[in-house]
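The values are calculated or read from the model by the stated rules, or taken from the named source; none is laboratory data. These figures come from a predicted structure and were not determined experimentally. Note that each Cβ is placed from the backbone with ideal geometry, even for glycine, and that neighbours are counted across all protein chains shown.
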């Protein structure tokens with residue numbers, strides 16, 4: 001079960017989280033330190049009543065798991081929010097995650113972590129994947145789910161305009177954040193694998209047979225969400241990710257427009273969010289794109305090495 005695999009062990013996972021480089025939009029320049037950032041996120045791991053969920057609660061609390069998700073860490077304090085956004089884990093008596101506007105909380109259910117790990121374990125057994133696959137699968141989907149709900153929170157707190165279904169919009173934002181705000185110690189291949197595992201979950205939850213309620217739901221069908229995510233992933237780097245098409249994960253007819261679609265969505269979210277950056281992190285669209293390109297180059301450098309380089313030791317004065 002999840003308590004045995006997510007995280008690996010409290011001490012090891014916590015240390016690995018602590019050494020992950022903190023991603024920020026850009027360094028604070030001299031003379032800017034007096035400028036304020038946005039309200040820092042708050043985190044709470046609520047103890048469950050069910051004994052079987054206690055080990056999961058202990059692991060995520062000791063690892064401070066939500067606080068150390070790379071994309072959440074990257075945007076913590078970035079926006080001038082009217083209220084502090086809270087990230088909470090709790091027992092919900094069902095699979096799920098949701099945003100609560102009244103309390104400004106993104107809530108992740110312990111049951112969700114358990115189900116995701118079990119699904120990863122099933123995929124490992126069915127496909128002969130390595131022993132670490134269930135944990136990677138659970139964490140990849142955890143990141144996407146939390147970022148999806150964070151999208152709802154940002155739309156509410158920043159009063160962002162949305163045309164079309166909000167559920168589609170926050171799927172797009174979650175994908176953009178995982179593409180562009182993943183840890184710089186993650187290679188482009190790891191980023192792509194994370195998003196492919198998140199896309200897989202959409203198919204797992206699909207039945208292939210739907211009634212009118214499914215077609216009328218605020219969420220797109222699982223198959224549609226799967227292909228939309230694959231399109232944004234492929235469109236972000238068509239040369240590197242050509243196997244998305246050649247392996248049959250994305251039909252060629254859809255793939256033709258994906259580079260343009262990915263660029264449009266990236267530009268749209270930048271233009272929506274940049275006006276809400278806290279004074280400490282204010283930047284133009286050109287500066288934001290330059291920063292994202294720098295982050296991508298850093299991930300590419302890590303992808304070319306069989307090891308991860310830590311920060312240089314301080315030199316004696």
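Just to check your reading of the model, which residue among 250, 292 is outside any helix (DSSP H, G or I) and surrounded by 15 or more Cβ atoms within 10 Å (Cβ to Cβ)?
Values: 292 fails: outside any helix (DSSP H, G or I).
Result: 250 is the single residue among 250, 292 that is outside any helix (DSSP H, G or I) and surrounded by 15 or more Cβ atoms within 10 Å (Cβ to Cβ).
I'd like the residue in segment 84-100 that is under 12 Å from residue 156 (Cα atoms) and in contact with a helix residue (DSSP H, G or I) (Cβ under 6 Å, 6 or more places away or on another chain) and, out of all such residues, is surrounded by the most Cβ atoms within 10 Å (Cβ to Cβ).
Narrowing segment 84-100 to residues under 12 Å from residue 156 (Cα atoms): 85, 99-100.
Okay, now just the ones that are also in contact with a helix residue (DSSP H, G or I) (Cβ under 6 Å, 6 or more places away or on another chain), so 85, 99.
Numbers: 85: 23, 99: 21.
Once the filter is applied, the top-ranked residue is 85.
Tell me which of these residue 298 doesn't satisfy, since it passes every other one: (1) free of Cβ contacts under 8 Å to residues at least 24 places away in the same chain; (2) over 25 Å from residue 152 (Cβ atoms).
Unmet condition: (1).
Would you mention how many residues in segment 126-160 are at pLDDT below 95 and surrounded by fewer than 18 Cβ atoms within 10 Å (Cβ to Cβ)?
Here the count works out to 7.
Would you check if residue 164 is farther than 21 Å from residue 42 by Cα, assigned to a helix (DSSP H, G or I) and at pLDDT below 95? If you could, list the steps in order and put the result at the bottom.
Working: farther than 21 Å from residue 42 by Cα: yes; assigned to a helix (DSSP H, G or I): no; at pLDDT below 95: yes.
Judged against the criteria, residue 164 is not a match.
Kindly indicate which of 108, 116 is within 14 Å of residue 204 (Cα to Cα), surrounded by 18 or more Cβ atoms within 10 Å (Cβ to Cβ) and under 17 Å from the mean Cα position of the chain (by Cα).
Values: 108 fails: within 14 Å of residue 204 (Cα to Cα).
On inspection, the qualifying residue turns out to be 116.
For segment 173-180, check the following and say yes or no: at least one residue is modelled with pLDDT under 95, buried (at least 18 other Cβ atoms within 10 Å of the Cβ), over 24 Å from residue 222 (Cβ atoms) and under 15 Å from the mean Cα position of the chain (by Cα).
yes
For every residue, the table says whether it meets (1) surrounded by 15 or more Cβ atoms within 10 Å (Cβ to Cβ); (2) modelled with pLDDT of 85 or more; (3) over 20 Å from residue 186 (Cβ atoms).
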site	(1), (2), (3)
256	no, yes, yes
266	yes, yes, no
271	no, yes, yes
278	yes, yes, yes
284	no, yes, yes
296	yes, no, no
316	no, no, yes
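Starting from segment 216-232, take each residue that is on the phi > 0 side of the Ramachandran plot and surrounded by fewer than 21 Cβ atoms within 10 Å (Cβ to Cβ) and list its partners that are outside any helix (DSSP H, G or I) and at pLDDT 95 or above, counting only C-beta distances under 6 angstrom and pairs at least six apart or across chains.
Filtered contacts from segment 216-232: no entries.
Spot the failing condition for residue 103; the list is (1) at pLDDT 95 or above; (2) in contact with a helix residue (DSSP H, G or I) (Cβ under 7 Å, 6 or more places away or on another chain); (3) closer than 24 Å to residue 79 by Cα, and only one is missed.
(2)
For segment 203-215, check the following and say yes or no: at least one residue is under 12 Å from the mean Cα position of the chain (by Cα) and either at pLDDT below 90 or crowded, with 23+ Cβ neighbours inside 10 Å (or both). Spell out the reasoning first.
We begin by selecting, within segment 203-215, every residue under 12 Å from the mean Cα position of the chain (by Cα); these are none.
There is no residue in segment 203-215 that is under 12 Å from the mean Cα position of the chain (by Cα) and either at pLDDT below 90 or crowded, with 23+ Cβ neighbours inside 10 Å (or both).
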